[in-house]
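Undergrad: What follows is a structure written as structure tokens; I'll ask about it next.
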Amino acid sequence: YTVSMSRPETGHSVLTVADLLTLEEFRSGEVTVAAGGHRLGNRVEWVHVFETPVVSEVLRGGEFLLTTGIGLAGMSPAQVEAFVAAVARSGAAGIGFEPSHAPADLLITACRAHDLPLIVFGRDVRFVDITHVVHERLVSGELLTLRRAVTLQTQLRESAREGLGPSGLVSALGEVLGAQVLFERLDRTPIATSPEDGLDVAFLDALD
């Protein structure tokens, strides 16, 4: 058996580089987008402060990096290009640069070449404040997801105990998720759907 679901937008979206720019900690830092403006939709999984060019070796993807450039000062353009290339390959979401120890121009060309968002702070900021507020938002989002999963599990278990059968379970699943649900056999023979009067064409086309 397989279960497929289609759910409309709930208004809750993942955290992106563009979302970071709306935070007071960024706005008060008088930021400018110096490179990669077309990639501000990059998903941010974590914020990490680095002051060493070997940071790419510890990235998993989705990190937004913060630096004052102290570890980049004195590097040649070729070395900077190699550094940015490695960071981009590692899947970093972008770089937030406070030019306390090196000029922003050091990174702009390389970030543009590798489509990596570069956000430059126009005044001194506290990285600890930025990491705190971003991590707090990320963790709160995960907590909401966990609570929703526990609620879903409880409601489905109660429906199963009531002996509602496939139609009842699919209906309960659709109601809890606010989704269209198709429950079918492996040979694509439908068993039950929610809503009972059928699924919309776009959902069926997506399955096909």
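Undergrad: Based on DSSP H runs of at least 4 residues, each adding -39500 (n - 2.57), what is the mean residue ellipticity at 222 nm of the chain after dividing by all its residues, to the nearest 500 deg cm²/dmol?
TA: That calculation yields -13000 deg cm²/dmol at 222 nm.
Undergrad: Same structure, new question: For Val120, what accessible area in Å² do you get when you roll a 1.4 Å probe over the heavy atoms of the protein chains, rounding to the nearest 10?
TA: Spelled out: Val120, probe radius 1.4 Å, area about 20 Å².
Undergrad: Moving to a separate point now. Give a residue-ordered list of calculated ³J(HN,Hα) values for the range 125-136 (Karplus: 6.51 cos²θ - 1.76 cosθ + 1.60, θ = phi - 60°; whole Hz; x for Gly, Pro).
TA: 10, 9, 4, 5, 5, 5, 4, 5, 5, 5, 5, 4
Undergrad: (i) 0.94; (ii) 0.96; (iii) 1.16: which one is Rg/Rh (Cα atoms, Kirkwood Rh) as calculated from this entry?
TA: Comparing each candidate, only (iii) matches the computed number.
Undergrad: So, for the chain, what is the accessible surface per residue at a probe of 1.4 Å, expressed in square angstrom?
TA: 57 Å²
Undergrad: Where does each of Thr67, Thr154, Thr22 land when they are ordered by accessible area, with a 1.4 Å probe and the largest first?
TA: If we order Thr67, Thr154, Thr22 from most to least accessible, we get Thr22, Thr154, Thr67.
Undergrad: At a 1.4 Å probe, what is the % contribution of carbon and sulfur to the accessible area of the chain? Please list the in-between numbers first.
TA: Working: 6280 of 11850 Å².
After summing per-atom areas, the C and S share lands at 53 percent.
Undergrad: Which net charge results for the neighbourhood of Met75, defined as the other residues with beta-carbon distances under 13 angstrom from its beta-carbon, given Lys and Arg at +1 and Asp and Glu at -1? Mind showing how you got there, number by number?
TA: Values: positive: none; negative: Glu51, Glu81, Asp105.
Once positives and negatives cancel, what remains is -3.
Undergrad: Continuing with this model, one more query. Suppose every Lys and Arg Cβ carries +1 and every Asp and Glu Cβ carries -1, with no other charges. What dipole size does the range 19-172 come out with about its Cα centre, to the nearest 20 debye?
TA: It works out to roughly 520 debye.
The values are calculated or read from the model by the stated rules, or taken from the named source; none is laboratory data. Not measured: the values here are computed from a predicted model. Positions of Cβ are backbone-derived with ideal geometry, glycine not excepted, and every protein chain shown enters the neighbour counts. Only protein heavy atoms, including side chains, enter the accessible area calculation; ligands, DNA and RNA are left aside. Shrake-Rupley method; radii C 1.70, N 1.55, O 1.52, S 1.80 Å.
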